[in-house]
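Undergrad: I have a structure here, written as structure tokens, and I will follow up with some questions on it.
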Amino acid sequence: RGWAEKKFEVAVSINGQSHSKETHIIDLYSEDDGIAIEIEWNNKDTFYHRDLNNLALLHQFECIKCGILITKASDWK
């Protein structure tokens, strides 16, 4: 249905020096809509922050229009 994994390469220039970095792989991405979905069912704080920062960075650079992070609450059994 048009959803696939996606990895972005982001580049910035600082004082004339270019720096590039690949982002964490997005679980589901729709090229048509610009929507990125990250699913981490048994998420830990470090992965949650990594995924949230990744989606924020991609949105800031207008690589995605919307980022959705799906996880479960810690008290769900």
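The values are calculated or read from the model by the stated rules, or taken from the named source; none is laboratory data. Keep in mind it's a predicted model, so treat the numbers as computed, not measured. Methodologically, a virtual Cβ is constructed for each residue, glycine included, from the backbone with ideal geometry; neighbour enumeration extends over all protein chains shown. Quick note on the areas: whole protein, heavy atoms, side chains included, nothing else; ligands and nucleic acids left out. Shrake-Rupley method; radii C 1.70, N 1.55, O 1.52, S 1.80 Å.
Undergrad: Being among the charged types (D, E, K, R), assigned to a loop (DSSP other than H, G, I, E, B) and closer than 27 Å to Arg1 by Cα is the filter here, so list the residues in segment 35-55 that pass it.
TA: Within segment 35-55, Glu40 is the sole residue that qualifies.
Undergrad: Tell me whether segment 48-56 contains one or more residues that are surrounded by 17 or more Cβ atoms within 10 Å (Cβ to Cβ) and basic (Lys, Arg).
TA: The answer is no; no qualifying residue exists.
Undergrad: Would you point out the residue of segment 65-77, among those that are closer than 22 Å to Thr46 by Cβ and open to solvent by less than 60 Å² (accessible area, probe 1.4 Å), that is modelled with the lowest pLDDT?
TA: Ala73
Undergrad: Filter segment 1-22 for residues that are charged (D, E, K, R), assigned to a strand (DSSP E or B) and open to solvent by 90 Å² or more (accessible area, probe 1.4 Å) and give the result. Full working, then the answer.
TA: As a first pass, look at segment 1-22 and keep what is charged (D, E, K, R): 1, 5-7, 9, 21-22.
Right, trim to assigned to a strand (DSSP E or B) and you get 5-6, 9, 21-22.
Correct list: Glu5, Glu9, Lys21, Glu22.
Undergrad: Restricting segment 31-47 to residues that are surrounded by 12 or more Cβ atoms within 10 Å (Cβ to Cβ) and over 9 Å from the mean Cα position of the chain (by Cα), which is modelled with the lowest pLDDT?
TA: Selected residue: Asn43.
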